[in-house]
Amino acid sequence: MKTVNVLDCSVLKCAYNINNKCHTPAITVGSMCPRCESYMKGSAKGGDPGVNGMVGSCHEGSCKFNESLECGAPGIHVGEHMWHADCKTFAKR
């Protein structure tokens, strides 16, 4: 199983976003929508600046990239959706 990189994140209010890059080791995608469940709003920055975020698991069953609860996309983009972060690479089956 390959891991999928978070290519960029435009959710500037996320504690793991440093210079439009995700710096938590792994995110989980999905619940009510292709939401980034690792999103944490805050001005204090967290994560490891030397780490590029990856998709740990995907719970969004209606996404064409979901393969056995893992992401099969070549890489994902995360962006703002209303009050939370979403996987913008999501594509309906």
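No value in this document is a laboratory result; all are computed from the given coordinates. This one's a predicted model, so the numbers in the text were calculated from it and none came from an experiment. So basically every Cβ, Gly included, is an ideal-geometry build from the backbone, and we count neighbours across all protein chains shown.
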Discussion item. How far apart, in nanometres, would the label points at LEU69 and ILE18 be if each is projected 7 angstrom from Cα along the Cα-to-Cβ direction?
Written reply: 3.1 nm
Item to complete: For the chain, would you read off the P(r) tail past 15 Å as a percentage of all alpha carbon pairs?
Response: 52 percent
Discussion item. Let's see if you can work this out: charge +1 on each Lys and Arg Cβ, -1 on each Asp and Glu Cβ, no other charges. What is the dipole magnitude of the range 4-87 about its Cα centre, in debye to the nearest 20?
Written reply: 260 debye
Practice prompt. For the chain, build the charge dipole from Cβ charges (+1 Lys, Arg; -1 Asp, Glu) around the Cα centre, then report which of ALA85, TYR16, ALA26 sits farthest towards its positive end.
Written response: ALA85
Worksheet item: In what order do SER10, SER38 fall by count of nearby beta-carbon atoms within 10 Å, going from fewest to most?
Response: SER10, SER38
Practice prompt. Rank the residues LEU12, LEU69 as a footprinting-exposure proxy: fewest other Cβ atoms within 10 Å of their Cβ go first.
Written response: LEU12, LEU69
Response to the item:
Per the charge dipole of the range 16-93 (beta-carbon charges, Lys/Arg positive, Asp/Glu negative, Cα centre), the residue among ASN66, GLY42, GLY53 reaching farthest to the positive end is GLY42
Worksheet item: What ranking of ARG35, ARG93 emerges when the number of other C-beta atoms within 10 Å of each C-beta is taken as an exposure proxy, fewest first?
Response: ARG93, ARG35
Practice prompt. Run the numbers on the chain and let me know its relative contact order in percent, using alpha-carbon pairs under 8 Å that are six or more apart.
Written response: 33 percent
Worksheet entry | Radius 14 Å from Cβ of CYS36, net charge of other residues (Lys, Arg +1; Asp, Glu -1) | 0
Discussion item. Can you tell me what share of the DSSP beta bridges in the chain is antiparallel? A percent to the nearest 5 is fine.
Written reply: 65 percent
Practice prompt. Can you check what the net charge comes to around GLU67, using other residues whose Cβ is under 14 Å from the Cβ of GLU67 (Lys, Arg +1; Asp, Glu -1)?
Written response: +1
Practice prompt. Starting from the range 15-93, pick out the chymotrypsin sites (Phe, Trp or Tyr not before Pro) whose DSSP state is loop and whose Cβ has at most 16 other Cβ atoms within 10 Å.
Written response: TRP83
Discussion item. I need the calculated FRET efficiency for the pair SER62 and MET40, taking r as the beta carbon distance and R₀ as 30 Å, to the nearest 0.05.
Written reply: 0.75
